[in-house]
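Written below as structure tokens is the structure these notes are about.
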Amino acid sequence: MSKKPVRVAVTGAAGQIGYALLFRIASGEMLGKDQPVILQLLEVPAEGPQKALKGVMMELEDCAFPLLAGMEAHSNPMTAFKDADYALLVGSRPRGPGMERAELLAVNGAIFIEQGKALNAVASRNVKVLVVGNPANTNAYIAMKSAPDLPRKNFTAMLRLDHNRALSQIAAKTGKPVAEIERMIVWGNHSPTMYADYRFATIGGQSVVKMINDQDWYVNVFLPTVAKRGAAIIEARGLSSAASAANAAIDHMRDWALGTNGKWVTMGIPSDGQYGIPKDVMFGFPVTCANGEYQVVEGLEIDAFSQQRIDATLAELLAEQDGVKHLL
Ligand SMILES: NC(=O)c1ccc[n+]([C@@H]2O[C@H](COP(=O)([O-])OP(=O)(O)OC[C@H]3O[C@@H](n4cnc5c(N)ncnc54)[C@H](O)[C@@H]3O)[C@@H](O)[C@H]2O)c1
Ligand SMILES: O=C(O)C[C@H](O)C(=O)O
């Protein structure tokens with residue numbers, strides 16, 4: 001018997017990430033090739049974006065996806081999130097060349113308060129929320145705080161693009177297939193303070209640290225390359241990453257919903273105090289997923305260098321939280 005359709009809400013659906021994301025959700029790449037979906041698409045209530053959204057929906061229709069059980073265009077989060085089982089919060093103002101991410105806080109805070117409240121009011125009580133729109137961790141924190149009737153654990157932020165970027169840098173350095181790399185971690189904020197940590201990573205069971213054996217490359221090439229990759233793409237394209245961001249969103253939601261078979265992935269999640277991160281801080285942690293739930297990989301040794309990096313990204317997140325506390 002075929003499965004009952006699930007409702008997937010996507011905000012910023014006419015934007016560039018939306019365009020790279022919706023077709024893959026509708027084709028079953030996110031929730032499985034046997035899972036029908038109903039797309040509930042939100043755009044700002046203005047003629048241009050709403051018209052563009054209609055165009056995207058015409059294209060979705062023209063794909064004749066067997067798993068696309070329905071789609072709706074919305075301009076109000078209260079209708080867009082109705083009974084949503086999954087919500088991908090992509091819509092926000094993207095960073096342009098030379099713009100600091102922190103500047104985005106004020107502009108985007110209001111959006112995520114309204115959307116958090118709407119999720120609280122109308123979404124499924126089990127809704128899985130992924131915030132992609134930047135500053136992703138703090139936007140997710142704002143949405144979570146604006147939705148007091150939903151479990152905190154339902155709110156996550158996207159660190160998966162950073163995780164995937166780190167995997168590709170290691171694959172290029174070692175000449176090994178990316179799929180063989182296990183136990184990568186990116187701690188903290190989706191920003192240049194993130195800490196991409198390959199101390200525990202293995203390839204075919206062998207330690208990546210030993211294979212690379214180059215602390216200088218780790219500190220002076222790998223870490224800044226991963227941390228500043230978003231800015232490098234903006235510089236090169238004149239636009240922020242879109243296809244790779246959509247791909248990471250698919251990876252994040254697929255793993256959360258369908259499980260990782262014991263593999264570590266990075267998710268931004270509200271801390272429960274693990275590794276000394278204060279409760280509720282939306283922090284990138286290593287997790288495994290099973291049965292629709294994520295679980296932090298605990299008990300990893302944090303050496304002095306790592307502690308310093310973790311403290312720095314935590315300090316940035318706490319400052320961001322402080323910057324929005326008057327809104328909450
Ligand atoms: N977390 C990550 O790894 C990551 C990676 C890349 C981009 N991003 C962020 O994702 C966001 C979207 O990027 P993009 O390139 O798709 O931008 P875009 O400008 O192409 O699209 C954003 C869309 O969101 C819509 N929008 C704005 N406010 C909205 C609201 N309140 N409700 C619904 N829709 C709204 C806009 O009309 C626009 O169509 C940006 O904030 C960007 O910085 C995050
Ligand atoms: O840094 C940005 O604003 C773009 C995006 O978050 C990215 O990592 O590509």
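The values are calculated or read from the model by the stated rules, or taken from the named source; none is laboratory data. Note that the coordinates shown come from a computational prediction; the quantities given were computed from them, not determined experimentally. Every residue, glycine among them, receives a Cβ derived from its backbone with ideal geometry; neighbour counts consider all protein chains shown. For accessibility, only protein heavy atoms count, side chains too; no ligands or nucleic acids. Shrake-Rupley method; radii C 1.70, N 1.55, O 1.52, S 1.80 Å.
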Open item on the list: Where the second residue is within 16 Å of ligand 2 (Cβ to nearest atom) and not small (Gly, Ala, Ser) and the first is assigned by the TED database to the domain that holds GLU29 and lies in region 48-66, which pairs have Cβ atoms under 9 Å and are six or more apart or on separate chains?
Closed with: VAL56/TYR19; GLU59/TYR19
- [ ] Specify which of the listed residues (PRO36, PRO45) is surrounded by fewer than 18 Cβ atoms within 10 Å (Cβ to Cβ) and outside the structural domain of ASP255 (by the TED database).
- [x] PRO45
- [ ] Please specify each residue of region 140-197 satisfying the condition of being among the basic types (Lys, Arg) and away from ligand 2 (no atom under 15 Å from the Cβ).
- [x] LYS145, ARG152, LYS153, LYS173, LYS176, ARG183
- [ ] Would you point out the residue of region 203-229, among those that are open to solvent by 20 Å² or more (accessible area, probe 1.4 Å) and within 11 Å of ligand 2 (Cβ to nearest atom), that is farthest from GLU180 (Cα to Cα)?
- [x] LYS228
- [ ] Just one of (1) under 20 Å from the mean Cα position of the chain (by Cα); (2) within 19 Å of TYR198 (Cβ to Cβ); (3) assigned to a loop (DSSP other than H, G, I, E, B) trips up ILE302, so point out which.
- [x] (1)
